[in-house]
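Dropping a structure here in structure tokens format, bear with me for questions.
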Amino acid sequence: MFKALLATMLALLPTIVVHAPKADLALETARTASQREHGLMNRTELAPHTGMIFVFDRDEFVDFWMKNTLLPLDMIFIGADGTVRRVYANVPVLHPEPSDERIPLEGAQAKYVIELGAGEASKDGIAAGVKLDLRGVPSPAP
């Protein structure tokens, strides 16, 4: 029952459109600490050109891990001005057995992080140095 309730709550995250060079991306917005912590955990599929944008209070070094992430992802770290700083492409799914401290972290300096299905960043023209229009991204929430 808890998983169904959580899935319903996450489905209510507002979705915004971010314009990438080769596609418009429909992104759920993770603006609170708990939304960012849960992210795309336990999802088994993502439609093309969809994912999640994580919004942070400030432009700083942020770490992400793949705990309970059931599909490979592209992770895009973006500065406050919309410039892509780093793309981790095709971050693999981890076997569920490792303890939390053994799960590898991916990180970089960022105000925003976008997660898309593996291979999607390249298809959508997203690479380091590309500037994305993030004018519609809401501010972080407490």
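The values are calculated or read from the model by the stated rules, or taken from the named source; none is laboratory data. It should be emphasised that the depicted structure is a prediction, and the values quoted were computed from it without experimental measurement. Neighbour counts are summed over all protein chains in view; Cβ atoms, including those assigned to glycine, are modelled from backbone coordinates with ideal geometry.
So, in region 33-54, exactly how many residues are of a type in the set (D, E, K, R) and part of a helix (DSSP H, G or I)?
Adding up the residues that qualify gives 2.
With the checklist (1) surrounded by 16 or more Cβ atoms within 10 Å (Cβ to Cβ); (2) at pLDDT below 95 in hand, flag the one item ILE103 doesn't pass.
Failing condition for ILE103: (1).
In addition: Got a number for residues in region 33-79 being within 18 Å of GLU120 (Cβ to Cβ) and not basic (Lys, Arg)?
25
If I ask for residues that are modelled with pLDDT of 50 or more and aliphatic (A, V, I, L, M), which ones from region 1-24 would you list?
ALA11, LEU12, LEU13, ILE16, VAL17, VAL18, ALA20, ALA23
Identify the single condition in (1) modelled with pLDDT of 95 or more; (2) over 25 Å from LYS22 (Cα atoms) that GLY51 does not satisfy, given that it satisfies every other one.
(2)
Kindly list, by first and then second residue, each pair from a residue in region 59-70 that is closer than 16 Å to ASN42 by Cβ and among the aliphatic types (A, V, I, L, M) to a residue that is at pLDDT 80 or above and part of a strand (DSSP E or B), limited to pairs with Cβ atoms under 8 Å and residues at least 6 apart or on different chains.
From region 59-70, the pairs are MET66/LEU73; MET66/VAL91.
Out of the residues in region 37-71 meeting the condition of being over 13 Å from the mean Cα position of the chain (by Cα) and among the aliphatic types (A, V, I, L, M), tell me which one is surrounded by the most Cβ atoms within 10 Å (Cβ to Cβ).
LEU70
Exactly one condition in (1) more than 12 Å from GLU106 (Cβ to Cβ); (2) within 12 Å of the chain's Cα centre (by Cα) is false for SER34; which is it?
Among (1) more than 12 Å from GLU106 (Cβ to Cβ); (2) within 12 Å of the chain's Cα centre (by Cα), the lone unmet condition for SER34 is (2).
Another question about this same structure. Take LYS131 and tell me if it is of a type outside the set (Phe, Trp, Tyr), modelled with pLDDT of 95 or more and in contact with a Lys or Arg (Cβ under 9 Å, 6 or more places away or on another chain).
In short, no.
Then there is this: Taking region 77-89 as the region of interest, how many residues are of a type in the set (D, E, K, R) and either part of a loop (DSSP other than H, G, I, E, B) or over 11 Å from ALA128 (Cβ atoms) (or both)?
Summing the residues that are of a type in the set (D, E, K, R) and either part of a loop (DSSP other than H, G, I, E, B) or over 11 Å from ALA128 (Cβ atoms) (or both) in region 77-89 gives 1.
Pick from ASP74, ASP57: which is of a type in the set (Asp, Glu), modelled with pLDDT of 90 or more and either in contact with a Leu (Cβ under 6 Å, 6 or more places away or on another chain) or assigned to a loop (DSSP other than H, G, I, E, B) (or both)?
ASP74
When the residues of region 18-32 are filtered to those that are assigned to a strand (DSSP E or B) and in contact with a His (Cβ under 7 Å, 6 or more places away or on another chain), which remaining residue is surrounded by the most Cβ atoms within 10 Å (Cβ to Cβ)?
LEU25
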